[in-house]
Amino acid sequence: MVTMAPPHIQIPTGASSQRSQFAGAYLILEEGMRNKAFPGAAFAVFARGETIALDGVGGFTYDPGAKPVSSSTVFDLASVTKVIATTSMAMLLYQKGLLALDRPLADILPAFSQGGPAGDPRRKVTLRMLLAHASGLPGYVRLFEQTSERETLLGACLRLPLEAAPGTRSEYSDPGFILLGEALELMAGEGLDSFAAREVFSPLDMTSACFRPPEDWRSLIPPTEEDLTFRHRIIQGEVQDENCFVLGGVAGHAGLFSNALDPLLYARSLFCGQLFATETIQLFTTRAGLPQNSSRALGWDTPSQPSSSGSYFSRHSAGHLGYAGTSLWIDFERQIAIVLLTNRTWPDRQNQLIRTIRPRFYDAIMEALDIPLR
């Protein structure tokens, strides 16, 4: 099959003025690169009804002469997949009347509670709880160490014991979103990747967003890691998350790739109701109250104290992070969206400086925008 390179993106008119306006944000990114928080980054900003910043800085790696990151560079979005692909699929199925939020997962995936006793708490785990990360499932399990087969890994995921009673504890859970993705695919009768491409990416002209990037894109995607323990190779142009890799590169919790512009196009659609009804957006981006003090909405997170979004996003904001150093935050009150993409896990996963740089970056952008609450 003949494939094409990722689309080239035009930086908004006035590229020099965007560097001037967002000089503080550029300084923070440059500081991060000097301190080896990440070798390169791309970012995009939507405000006042248009894309007002789109740029890339640094390189693919720390090596002299490394390929530079540009506004067109495609990154592994990691867990940002959970909102742009998986939660979007849930929202669309909900709108079509095909998804009932309080339907038990075991109704769709019987193996989840098969063999359990009467009154098994697993039967109380609902799709709403999975979306809100309140199912009681563990946060992360290295299932890939047990098998290299997709179905075997899914079987192991279905058998994971609950660590808390459903709905009583907020625990950000990759296994929960793996199972949510499987349930959504059964309800839709097709894969997450094909559904998202047709129902989300294509209508919004998200021309780079995809699972399993084509082979000839790989050298154009920054590497995420030099894997010395599992795949024993540099991970570039293929999903970094090992569980997703065993699942074939498509899963509810990870696997999506994109440039910085496409998540911005997605965010813009939430402001204008292009794909989702206002009521659906409100439902999924408002805190779910599972449990009452959780910052989690349905699929999305909301600002907390302290927040990865910094200090300025309004109460009605939603966003998500990705392990590789990616993030998307959306302020519905001010109609602002900001995307930051990095490969902070290069060459290994040890550096955690992104945790301090990210909120400072978002604060610098918001300070430069200086848009008051409505």
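What follows is calculated from the coordinates using simple rules that are stated; it is not laboratory data. Nothing here was measured: the structure is a model prediction, and the numbers come from that model. No Cβ is skipped: glycine too gets one built from the backbone with ideal geometry, and neighbour counts run over all protein chains shown.
Data overview
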{"quantity": "Single condition residue 116 does not satisfy, out of (1) exposed (fewer than 14 other Cβ atoms within 10 Å of the Cβ); (2) under 21 Å from the mean Cα position of the chain (by Cα)", "calculated": "(2)"}
{"quantity": "Residues of segment 60-80 satisfying the condition of being farther than 25 Å from residue 242 by Cα, loosely packed, with under 15 Cβ neighbours inside 10 Å and among the hydroxyl-bearing types (Ser, Thr, Tyr)", "calculated": "none"}
{"quantity": "Residue 151 being surrounded by fewer than 21 Cβ atoms within 10 Å (Cβ to Cβ), under 21 Å from the mean Cα position of the chain (by Cα) and of a type in the set (Asp, Glu)", "calculated": "no"}
{"quantity": "From 323, 312, residue being more than 19 Å from residue 372 (Cα to Cα) and of a type in the set (Phe, Trp, Tyr)", "calculated": "323"}
{"quantity": "Candidates 128, 123, 142 - the one that is of a type in the set (Lys, Arg) and surrounded by fewer than 14 Cβ atoms within 10 Å (Cβ to Cβ)", "calculated": "142"}
{"quantity": "Subset tally (residues that are more than 30 Å from residue 43 (Cα to Cα) and not basic (Lys, Arg)) for segment 71-127", "calculated": "30"}
{"quantity": "Which listed residue, of 74, 69, is out of contact with any Pro (no Cβ under 6 Å at 6 or more places or on another chain), touching a residue at least 60 places away in the same chain (Cβ under 8 Å) and closer than 30 Å to residue 18 by Cα", "calculated": "69"}
{"quantity": "Some residue of segment 169-177 being hydrophobic (A, V, I, L, M, F, W, C) and either under 25 Å from residue 237 (Cβ atoms) or part of a helix (DSSP H, G or I) (or both)", "calculated": "yes"}
